[in-house]
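Read the structure below first, then the notes.
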Amino acid sequence: MSLLRDRNVVSWTVAVPVVAVVVLALGWGRTLPPSVVAVLTLLLAGAVLAAVHHAEVVAHRVGEPYGSLVLAVAVTVIEVALIITLMIAGARGIETLARDTVFAAVIITCNGIVGLSILAGTRRESVVSFNAEGSGAALATVATLSTLGLVVPAFTTSSPGPVFSPPQLAFAAITALALYGLFVALQTGRHSDYFLSVTADGVVIDDQHATAPSTRASLISLALLLVALVAVVGHAKLVSPTIERAVVAAGFPVSLVGVIIAMLILLPETLAAWRAARRGRMQISLNLAFGSAMASIGLTIPTIAVASIWLPGALHLGLDGIHIVLLVLTFIVTVLTVVPGRATLLQAGVHLALLAAYLFLAISP
């Protein structure tokens, strides 16, 4: 896992993020031709792969469950920054931008990442095992944050429309930040063993036997991870106008653009979770999935609550009926997946079917 293990890998994982950020700086704020967008897409893919590599280096150094927090929190912080940037710039659909992004993150993580991880794990073993206590606690936090932040605003009466009144938004922001902070404290403190990989018999797997990367290599990887994530989000922003034009030309809803961007941003976590599941570390995959969803809500809601002081117009946080149904079904299915502490290929198929339904309805609402 060390940066010094393979010179070819080192040069690739170092060069791509740096080049991607340089190109990002040169292309920011400009109208780009299709040929340049194609190059940006290639750099985006390279930055995603580099981010996964460096996240694994850092995770190996700090160990679990700290390692799975690194990628989830780093991606979410930059995602929140992108949302605020687009809102300040007056992007199309600004009133629903935060809601659509957070909802997409929840559905993609709880169905896409979980489903793909179980699929990858069952290719190695017919049944994958994980710690139901840790995953259940994480899922309960995600469900609570999602309901308070995305469902409740659709039913409040203090303000017209699916919006919170200022006191309600402040309460939701404080609650989201407090719950997220409490979960992280427990995950990395007294209940950290709940988030470690386990065998089918419930025995904790020791991932610390291999030689960990040096402090210097880990710090370099941490810096390059942040650079790669900036490149991922930035290039997603640069290619979004081309994606938007293609979506409109195809006759699809403009909201589909947000779904595509969310999928691009979540690619590092998805690949990292897939690779962990293939190595038999299903718990790490679930940590990434639920941690990403939780961080997305727990950091986005407080941030937009503060930003709304300066931003014009109301923020539409409440979901519509069909999305509430999808969200509720997602949590019911995920509870049934998590509670036994074991999952098979069938659970993977159910989660991926829910993801497919979400994507289909985003195209054909």
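For the reader, a short list of remarks on this structure follows.
- Here residue 271 fulfils each of the conditions (1) closer than 21 Å to residue 72 by Cβ; (2) over 19 Å from the mean Cα position of the chain (by Cα); (3) not charged (D, E, K, R) apart from (2).
- Filtering the range 330-365 to residues that are of a type in the set (A, V, I, L, M) and in contact with a strand residue (DSSP E or B) (Cβ under 8 Å, 6 or more places away or on another chain) leaves only 343.
- Residue match in the range 270-288 (condition: closer than 19 Å to residue 143 by Cα and among the aliphatic types (A, V, I, L, M)): yes
- Only listed residue being at pLDDT below 85 and surrounded by fewer than 24 Cβ atoms within 10 Å (Cβ to Cβ), chosen from 260, 265: 260
- When residue 305 is tested against (1) assigned to a helix (DSSP H, G or I); (2) touching a Ser or Thr at 6+ places or on another chain (Cβ under 7 Å), exactly one condition is not met: (2).
- Qualifying residue in the range 143-158 (condition: in a loop (DSSP other than H, G, I, E, B), touching a helix residue (DSSP H, G or I) at 6+ places or on another chain (Cβ under 9 Å) and buried (at least 17 other Cβ atoms within 10 Å of the Cβ)): no
- Of residues in the range 268-280 being part of a helix (DSSP H, G or I) and charged (D, E, K, R), the one surrounded by the most Cβ atoms within 10 Å (Cβ to Cβ): 269
Results for (1) within 16 Å of the chain's Cα centre (by Cα); (2) part of a loop (DSSP other than H, G, I, E, B); (3) at pLDDT below 85, shown as yes or no for each residue.
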residue: 73; (1), (2), (3): yes, no, yes
residue: 76; (1), (2), (3): yes, no, yes
residue: 82; (1), (2), (3): yes, no, yes
residue: 103; (1), (2), (3): yes, no, no
residue: 113; (1), (2), (3): yes, no, no
residue: 134; (1), (2), (3): no, no, no
residue: 140; (1), (2), (3): no, no, no
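The values are calculated or read from the model by the stated rules, or taken from the named source; none is laboratory data. These numbers come from a predicted model, not from an experiment. All Cβ positions, glycine included, derive from the backbone under ideal geometry; neighbour counts span all protein chains shown.
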